[in-house]
Amino acid sequence: MLKKKLLEYRADLLLLTVAIAWGVTFLMVQDAIKSVPVYSFLFFRFLIASALIFFLCIKRFKNLDKGTMFSGIFLGVLLFSGFSTQTFALAHTKSSIVAFITGLNVIFVPFVSFLLFRDYVRKMVFAGSFIAVIGLYLLTMSGTLTLGYGETLTIVCAMMFALHILFTDKYSKSKDVFLLVFFQFITVTILSMLFSLSLEDVTFDIPMDYTFLKAVIVTSIFATFYAFLIQTYMQQYTTPTKTAIIFTMEPVSAAVYEFVAIGAVLTNIQLVGAFLIVSATLMAEIKFKKE
């Protein structure tokens, strides 16, 4: 029992580093896509990550089965669908609204987990999910929330990310984690290239300046290769709902990084939101004896 609890704490801590990696790289990505099309950037980001994970999978390919390959492809489709709907949503509504609604996957996860898999969700984790949503609203929202085209797309995005967390939880316990991640990355790489060739003016012939190279290298290594490998491996030892709550720390870490990097200061309301998100993350760790 003690060993299981220690494994769960280690998993939660490492998942927190994933949320931090995503938050810290947010500003870099934002700067890079000012001069490089979004899908082209995703293509290079996941191409590099695919190459990195490939070298870890060389000896594992001999044990590859169709189930693992198709599971990885399915996760890749979910992940790319999340990125795509989020990208299109940004063209139709404010980024703050997109950030908030995307974070609603923290609520979708426990409900969908129960509906699809009949998974039990502890009361404190449920409570933490709702508090995290309030914190997200205070931290990210700066506009009026309506239900237009952009907001609808973002709801789809949040659902895709919720499903990605849930199915990562299921597949990671029965499939080879490294092969799962490899086929996930390859799928996102191919889909990003196809979307870029179809919708963007340039895909390969982009300016290789310092801003782009820094963003693509850092995100491919830390926010992609490291992040999704850790997520897939560590979700074996924790619950998908706790994972979703921990991932709400992404905008908090982004805000902290922006303060350090460019001196951006949070308002009092945003500070309350950040505090609630941290509190929700801690609440998810509380267990009562009867639970």
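What follows draws every value from the coordinates through simple rules; no lab data is involved. Please read these numbers as outputs of a predicted model, since none were measured by experiment. Glycine gets a Cβ as well: all are built from the backbone with ideal geometry, and neighbour counts include every protein chain shown.
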Given the rule -39500 (n - 2.57) for each run of at least 4 DSSP H residues, summed and divided by the residues of the chain, what is its mean residue ellipticity at 222 nm, to the nearest 500 deg cm²/dmol?
-25000 deg cm²/dmol
Using alpha carbons only, how many angstrom separate the centre of region 47-114 from the centre of region 1-34?
15 Å
Most positive-pole-ward Cα, Leu147, Thr68, Gly273, against dipole of region 11-283 from beta carbon charges
Thr68
Which one, Ser113, Thr25, Phe204, projects farthest toward the positive side of the charge dipole computed for region 11-283 from Cβ point charges (K/R +1, D/E -1)?
Ser113
Scan the chain and hand back the longest stretch that contains none of the trypsin sites (Lys or Arg not before Pro) lying in DSSP loops with at most 10 other Cβ atoms within 10 Å.
119-288
Ranking Asp65, Asp169 by Cβ neighbours within 10 Å, fewest first, what do you get?
Asp65, Asp169
Given axes a ≥ b ≥ c from the Cα gyration tensor, I'd like to know whether region 138-291 is rounded (a/c under 1.5), prolate (a/b larger than b/c) or oblate.
oblate
Give me the one-decimal nm value for the distance between modelled label points at Lys5 and Thr267, 7 Å along each residue's Cα-to-Cβ direction.
4.2 nm
Candidate aspartates and glutamates for bridging to Lys62, where Cα separation is under 16 Å - those fewer than 8 sequence places away on the same chain excluded:
Asp176
What's the exposure ranking of Val121, Val265, going from fewest to most Cβ atoms within 10 Å?
Val265, Val121
Under DSSP H, which helices of the chain have Cα atoms covering 18 Å or more of the helix axis and a Kyte-Doolittle average no less than 1.6?
38-57, 123-140, 177-199, 268-283
Write down the Kirkwood hydrodynamic radius of the chain, to one decimal in angstroms, obtained as one divided by the mean of 1/r over all alpha carbon pairs.
19.4 Å
Tell me the relative contact order for the chain as a rounded percent, counting alpha carbon contacts under 8 Å between residues six or more apart.
42 percent
Gyration tensor on Cα atoms of region 214-291, a ≥ b ≥ c root eigenvalues, a/c under 1.5 rounded, else prolate if a/b beats b/c, else oblate, says oblate
So if I place +1 on the C-beta of Lys and Arg and -1 on the C-beta of Asp and Glu, and nothing else carries charge, what would the dipole magnitude of the chain be about its Cα centre? I want it in debye, nearest 20.
1320 debye
